[in-house]
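The values are calculated or read from the model by the stated rules, or taken from the named source; none is laboratory data. Everything quoted here is computed from the prediction, not taken from an experiment. Cβ atoms come from the backbone with ideal geometry, glycine included; neighbour counts cover every protein chain shown.
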Amino acid sequence: MKRFVFPIVLLSLLLPATAHATRTVTSPYVEKGSLKLKSKTGITHDDERESRDGAVQQKFAIEYGFTDRFSLEAEGNIDNLGDDNNTDVTALELKAKGLFTEKGKYWLDAGARLTYETALTDDPDSMELKFILAKDTEKFRHIANFIATREVGEDSSDETEGGFSWSSRYKWLPEFEPGFEMYNNFGSLSDRPDFEDQDHSIGPVAYGKLGPIKYEAGYLAGFTENAVDGHFKLILEYGIKF
């Protein structure tokens with residue numbers, strides 16, 4: 001199995017850190033005493049908008065589980081638009097995640113994550129709240145994220161945007177768990193745009209663990225006018241137990 005690890009790590013390092021957000025369905029589960037190092041890469045293509053065609057966002061994160069219910073994560077964002085040769089560090093994020101219920105005690109596991117994003121550009125800061133529901137069985141894992149995002153601080157908007165994301169996987173093998181993800185950005189909750197002006201995408205995603213590296217890799221196809229034509233995602237995670 002070790003022969004698979006080096007190509008995956010190498011791929012992560014060679015992907016251009018040069019933007020469209022990497023897409024992640026957040027799990028409510030926390031590993032106590034685990035320090036996780038993460039690389040998250042998102043690449044988009046779009047035949048109609050040059051800024052989205054070849055746009056890349058690279059995120060690097062570190063997360064630590066203080067208990068089996070609570071973790072903190074720090075993350076940095078590096079962006080490059082498809083029509084821009086400049087690579088910029090655009091934001092820093094701090095995320096606090098909590099699991100409300102003991103895993104498996106009830107029919108659904110519930111949790112939440114609060115994120116504060118500090119913009120390093122002219123954009124305002126923002127806050128995001130995710131309410132998380134999950135069902136984890138021997139053969140399947142299903143996760144739903146209910147999302148509210150709002151700008152804060154100077155030059156911020158008064159609008160709150162809503163979103164929803166979903167992940168399902170079949171636990172076929174530890175090295176390969178096939179599944180799919182869906183992402184829905186509804187826009188402003190007070191003045192919601194028409195459906196075609198919203199951002200909706202869906203596609204296959206594979207999950208697994210190869211040696212010490214966990215991975216998520218998939219391709220999401222947009223199915224509204226405002227969504228990008230396609231979005232490739234690759235997430236790598238290396239955990240250290242203390």
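Quick notes
- Residue check for L108: surrounded by 15 or more Cβ atoms within 10 Å (Cβ to Cβ) and either among the aliphatic types (A, V, I, L, M) or more than 23 Å from I235 (Cβ to Cβ) (or both): no
- Only residues that are within 30 Å of K241 (Cβ to Cβ) and in a strand (DSSP E or B) were counted across the stretch 186-216, and they come to 10.
- Being at pLDDT 95 or above, closer than 30 Å to K241 by Cβ, in a loop (DSSP other than H, G, I, E, B) and among the β-branched types (V, I, T) is a property that T67 has.
- Odd one out for N226, checked against (1) in a strand (DSSP E or B); (2) closer than 22 Å to G82 by Cβ: (1)
Quick grid of which residues meet (1) exposed (fewer than 14 other Cβ atoms within 10 Å of the Cβ); (2) over 13 Å from the mean Cα position of the chain (by Cα):
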| position | (1), (2) |
| --- | --- |
| T137 | yes, yes |
| S168 | no, yes |
| K171 | no, yes |
| D194 | yes, yes |
| P212 | yes, yes |
| L236 | no, no |
| F242 | yes, yes |
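- Test: residue in the stretch 89-102 that is under 30 Å from K139 (Cβ atoms) and modelled with pLDDT under 95: yes
- Every condition in (1) aliphatic (A, V, I, L, M); (2) farther than 30 Å from K103 by Cα; (3) in contact with a Lys or Arg (Cβ under 9 Å, 6 or more places away or on another chain) holds for I143 except the one numbered (2).
Table: residues versus (1) within 22 Å of F164 (Cα to Cα); (2) assigned to a strand (DSSP E or B).
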{"site": "N77", "(1), (2)": "yes, yes"}
{"site": "D84", "(1), (2)": "no, no"}
{"site": "L92", "(1), (2)": "no, yes"}
{"site": "G98", "(1), (2)": "yes, yes"}
{"site": "W107", "(1), (2)": "yes, no"}
{"site": "G111", "(1), (2)": "yes, yes"}
{"site": "L114", "(1), (2)": "yes, yes"}
{"site": "E128", "(1), (2)": "yes, yes"}
{"site": "H142", "(1), (2)": "yes, yes"}
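- All told, A227 meets the bar of being crowded, with 19+ Cβ neighbours inside 10 Å, farther than 28 Å from I62 by Cβ, out of contact with any Lys or Arg (no Cβ under 6 Å at 6 or more places or on another chain) and of a type outside the set (F, W, Y).
- Within the stretch 45-64, the only residue that satisfies the criterion of being part of a strand (DSSP E or B) and acidic (D, E) is E63.
- Failed condition for G187, given (1) at pLDDT 95 or above; (2) closer than 23 Å to I132 by Cα; (3) in contact with a helix residue (DSSP H, G or I) (Cβ under 8 Å, 6 or more places away or on another chain): (1)
- Filter result for T22 (within 11 Å of the chain's Cα centre (by Cα), β-branched (V, I, T), at pLDDT below 95 and over 21 Å from G98 (Cα atoms)): yes
- Candidates in the stretch 152-166 are the residues that are within 15 Å of L189 (Cβ to Cβ), out of contact with any Leu (no Cβ under 9 Å at 6 or more places or on another chain) and at pLDDT 95 or above; of these, the one that is surrounded by the fewest Cβ atoms within 10 Å (Cβ to Cβ) is F164.
- Just one of the listed residues (Y183, Y219) is buried (at least 19 other Cβ atoms within 10 Å of the Cβ) and either touching a His at 6+ places or on another chain (Cβ under 8 Å) or part of a loop (DSSP other than H, G, I, E, B) (or both), and it is Y183.
- Any hit, the stretch 198-209, residues being more than 16 Å from the chain's Cα centre (by Cα) and at pLDDT below 95: yes
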